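For reference, the structure discussed in these notes is given below.
The values are calculated or read from the model by the stated rules, or taken from the named source; none is laboratory data. These numbers come from a predicted model, not from an experiment. Ideal geometry is used to build each Cβ from the backbone, glycine not excepted, and the neighbour counts take in all protein chains shown.
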Amino acid sequence: MNRYAVRAIYLFELSRAWRTLAQSIATPIISTSLYFVVFGAAIGANMNAVHGVSYGAFIVPGLIMMMLLSESISNASFGIYMPRYAGTIYEVLSAPVSWFEILIGYVGAAATKSVILGLLILVTARLFVAYEIQHPLWMALFLILTAVTFSLFGFIIGIWANGWEKLQIVPALIVTPLAFLGGSFYSIEMLPEMWQKIALLNPVVYLISGFRWSFYGVSDVNPAISLGMTLGFMVLCLVIIGWIFRTGYRLKQ
């Protein structure tokens, strides 16, 4: 393993977050805080508990997961698209660095930024609602796995996109709607039976359900299934990225 190359890519990508602190860190925290104010403190005070958990506390894992998905995809897709756009990706590809080492550098930095944001929002949520974490180690595991998995997915989008507008198509038209419909603000058990079955086709349901279980010990789906779905999607993304580097798809054109 070329640790120097991995470290150089990782630190370069991570430094971009500090250079654009307002956009990378402050904006997601402020926008998510507004959800806590409106849905958690204001609306949540007038709603019944869900699975024995106050509504304001119930939506905390869902909001963190929703932010984690969008930020992981955004960080990773922009991180790999910029070298393609500027043409510096050819210098990276010609260097004595394997595709897996390149992947660790870019995806590792994107996932690190997302995890830091997730933890900051977790702390910020305490200012608005009271919550507990029954399984902190599982919470950290779901947080890291989700950040890495969707950073891999964002990496694929960054390679696939051949224009700035395409970087936003998948997150805006697919991932965000799936996150809203994946139980961020409700339990799927509150839906009619037919819609419960349809909701289980949404992969984000499993992510949010498993993450929520680590907080309160309640979930819509077995946590083991949630973990398996996350790992399965991660493996799928790795297979696709491996194929991209072997064939040079959108990298050597």
Among residues belonging to the range 179-199 that are part of a helix (DSSP H, G or I) and under 17 Å from the mean Cα position of the chain (by Cα), point out the one that is surrounded by the fewest Cβ atoms within 10 Å (Cβ to Cβ). PHE180
Counting only residues that are of a type in the set (A, V, I, L, M) and either in contact with a Gly (Cβ under 9 Å, 6 or more places away or on another chain) or not in a helix (DSSP H, G or I) (or both), which one in the range 104-125 is farthest from THR149 (Cα to Cα)? ALA125
Go through the residues of the range 13-23 one by one and say whether even a single one is out of contact with any strand residue (DSSP E or B) (no Cβ under 8 Å at 6 or more places or on another chain), under 27 Å from MET234 (Cβ atoms), crowded, with 19+ Cβ neighbours inside 10 Å and modelled with pLDDT of 80 or more. yes
Considering only residues of the range 126-150 that are among the aromatic types (Phe, Trp, Tyr) and assigned to a helix (DSSP H, G or I), which is farthest from PRO203 (Cα to Cα)? TRP138
If you check PRO61 against the conditions, is it farther than 25 Å from GLN168 by Cβ, crowded, with 20+ Cβ neighbours inside 10 Å and in contact with a helix residue (DSSP H, G or I) (Cβ under 6 Å, 6 or more places away or on another chain)? yes
Of all the residues that make up the range 200-237, how many are part of a helix (DSSP H, G or I), without any contact (Cβ under 8 Å) to a residue 60 or more places away in the chain and buried (at least 19 other Cβ atoms within 10 Å of the Cβ)? 4
